[in-house]
Amino acid sequence: MRIAVIGTGNIGGTLGSRWREAGHDVVYGSRDPGGTGPGGAPLAAILEAVADAEVVLIAVPGPAVPEVVSALGGALDGKVVIDAANRMGEPEANSHTAITGAAPGARYARAFNTLGWENFADPLPGTDLFFVSDPQARATVEELISAIGLGPVYVGDTGAVRAVDSLLGLWFALMQQTGTRKVAFRLVR
């Protein structure tokens, strides 16, 4: 799968590296193209990175998401767009409205926003990742969650985005209570 990762910080860099290790074709979209990013994947201009991608991971600071997706606009149409950014302190933590407003033809998913990056770099055994997505994107998102060693748990379509976002607050509370960022969730069936 060809994946454009927009953001080379802890989340984007960790996920891009892990997907590359799993055999996916990863390119980072960057304001400073050229050279290589985390895990040795190339750094390209953001629009160039997205052009041939099947999947686009948005892993930039939450306040930057509207500007990034507005600049991409129709380039996101038809692609699976995974919103991993958290807009801390805003009424909505997700960027669903900004992403689908800029690219109505994008297949939106909300994932990789409820655990710290450490849980993606080295998952605790049995960790699940809860996500929502456009039904047409579900299989792709499940494959990418599984590729980093987590169990995908589909919460529903994008109408359930707040349910996934509610886990973010729970993760922060547990992290503060336990004193470690290596806190994760597991669905017991």
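Just so it is clear, none of the values below were taken in a lab; they were calculated from the coordinates. As the structure is a prediction and not an experimental result, all values here were calculated from the model. With ideal geometry, Cβ positions are generated from the backbone for all residues, glycine too; neighbour counts draw on all protein chains shown.
Ranked by Cβ crowding within 10 angstrom, fewest neighbours first, how are 117, 19 ordered?
Going from least to most buried by this count: 117, 19.
Could you pull the Rg and Dmax for segment 2-178, using just the Cα atoms, both in Å?
Just the Cα atoms of segment 2-178 yield Rg and Dmax of 14.8, 43 Å.
For a quick check: sort 56, 68 by the number of other beta carbons within 10 angstrom, fewest at the front.
Sorted ascending by nearby Cβ count, the order is 68, 56.
Output the antiparallel fraction of DSSP beta bridges having both residues in the chain, as a percent to the nearest 5.
15 percent
Length gain on complete extension for the stretch residue 189 to residue 160, per 0.36 nm per residue less the alpha carbon to alpha carbon distance?
My answer for the length gained is 8.4 nm.
For segment 1-51, which trypsin sites (Lys or Arg not before Pro) are both in a DSSP coil and crowded by at most 12 other Cβ atoms within 10 Å?
For trypsin sites (Lys or Arg not before Pro) across segment 1-51 that sit outside H, G, I, E and B with at most 12 neighbouring Cβ atoms in 10 Å, the list reads 31.
Taking only C-alpha pairs under 8 Å that are 6+ residues apart, what is the relative contact order of the chain in percent?
17 percent
Could you work out how far apart the two model spin labels at residue 92 and residue 36 are, taking each label as a point 7 Å from the Cα in the direction of the beta carbon, and quote it in nm?
Roughly 3.9 nm, to one decimal.
Using the Karplus curve 6.51 cos²θ - 1.76 cosθ + 1.60 with θ = phi - 60°, work out ³J(HN,Hα) for each residue of segment 92-105 in order, rounded to whole Hz, and write x for Gly and Pro.
10, 6, 8, 10, 3, 4, 5, 5, 6, x, 7, 9, x, x
How large is the charge dipole for the chain, taken about the Cα centre, if only the Cβ atoms of Lys, Arg (+1) and Asp, Glu (-1) carry charge, to the nearest 20 debye? It would help to have the intermediate numbers written out before the result.
On the way: 14 positive and 19 negative charges, 83 e Å.
That gives the chain a dipole magnitude of about 400 debye.
Subtracting the Cα-Cα distance from 0.36 nm times the residue separation, let me have the gained length for residue 70 to residue 143 in nm, one decimal.
The span from residue 70 to residue 143 would gain 23.5 nm if fully extended.
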